[in-house]
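The values are calculated or read from the model by the stated rules, or taken from the named source; none is laboratory data. Source: prediction; values computed, not measured. Glycine gets a Cβ as well: all are built from the backbone with ideal geometry, and neighbour counts include every protein chain shown. SASA here: full protein model, heavy atoms, side chains in, ligands and nucleic acids out. Shrake-Rupley method; radii C 1.70, N 1.55, O 1.52, S 1.80 Å.
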Amino acid sequence: MKHVLVIGAGPAGLSAAVAAGDAGARVTLLDSGDGLGGQYWRHLPPQRPAQREARLHHGWNAFDRLRGSLAGIEVVTEAQVWAIETHDGIAVHVLVGPADAGGRAARTLTPDALVLATGAHDRTLPFPGWNLPGVFSAGAAQALAKGERVAVGRRAVVAGAGPFLLPVAQSLTAAGARVLGVYEAARPAALARGWLPRPWRLLGAAHKGGELAGYAAHHLGRRVPYRLGRAVVEARGDGRVEEVVIARLNPDWSPVPGSERTLAADAVCVSHGFTPRLELPIAAGCRIGPDRFVAVDGDQRTSVAHVYAAGRSPASAASTRRSSKAASPGPAPPEPPRPTRT
């Protein structure tokens with residue numbers, strides 16, 4: 001029986017593990033977290049569980065189905081992969097136990113095939129004042145809101161580029177913050193140019209319409225403004241964020257002089273899309289493309305024999321074969337000009 005090792009228990013990793021198990025393989029699923037679901041299906045601590053956790057997540061039924069299909073699969077959480085060797089077969093070295101704890105158990109796994117489903121992290125662009133306490137990546141703000149029910153501030157601004165800004169704003173309001181606005185850097189024309197040359201991508205995302213409508217209803221009900229072609233150009237404060245400067249943007253993302261507007265806020269959450277976590281693919285020797293994604297073929301095979309990369313976005317995680325780019329969150333925003341120094 002072939003042994004398949006899957007690293008990452010987010011949507012793509014869970015799907016890959018279940019698919020491999022259904023195909024008759026012996027499957028081991030590793031994740032560095034203390035539970036399943038990855039960043040997308042992040043859970044409250046077991047000491048403070050939600051009575052109706054499904055209300056906190058999109059696609060909860062898919063998670064429930066995947067989690068219920070893991071019978072016969074070895075699941076190892078709190079597993080830190082610290083090295084991968086592929087020069088003579090595959091060897092994955094793991095430490096199991098709470099992060100930074102002493103006495104963690106060491107394991108070396110030698111699977112017949114390895115699936116890397118390590119996900120992505122925020123890409124953020126700097127601006128004057130971005131190092132002030134109170135400036136967060138959008139992913140960090142959502143992690144605290146979903147995983148701890150903690151709002152990063154009472155009056156928050158969400159800004160950057162990409163659809164991820166919408167669920168972040170929703171998570172913040174659900175945690176008790178007032179979101180002063182969601183500011184999307186892309187202008188309507190840029191968004192159209194991103195999709196219209198590739199209309200088939202819209203078909204793949206058609207089922208997300210209900211989710212989008214849910215965000216729209218949530219934000220309208222709480223009077224959260226959504227503005228295109230605007231960005232945070234400065235954060236100000238004495239020791240922490242106290243106010244945020246918003247400006248309209250030209251098509252090249254340079255601020256429009258005279259369009260600045262100042263808001264009193266104690267938190268700024270920024271994200272300009274995602275970039276894949278490449279530490280393990282690089283350690284395995286996988287070829288990385290010029291776009292900084294793992295290069296894969298139509299079956300998610302990387303350049304290294306018997307090593308695969310799975311993932312694209314939570315919406316497409318039910319299939320690990322739809323995308324030609326591992327862990328790609330969608331079209332990347334245009335590169336803005338170099339920001340002004342702080």
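Here is how the numbers come out for the structure above:
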| quantity | calculated |
| --- | --- |
| Prolate/oblate/rounded call for the range 96-163, Cα gyration tensor, a/c under 1.5 rounded | prolate |
| Exposure ranking of ASP22, ASP297, ASP100 by accessible area [1.4 Å probe, largest first] | ASP100, ASP22, ASP297 |
| Heavy atoms of CYS269 accessible to a 1.4 Å probe, total area in Å² rounded to 10 | 0 |
| Packing rank of 226-235, 253-262, where each peptide gets the mean count of other beta carbons within 10 Å, highest leading | 226-235, 253-262 |
| Within the range 104-143: backbone nitrogen closer than 16 Å to the HIS306 label point (7 Å, Cα to C-beta) | 108-116 |
| Formal net charge of residues neighbouring ARG26 (Cβ-Cβ distance under 14 Å; K, R +1; D, E -1) | -2 |
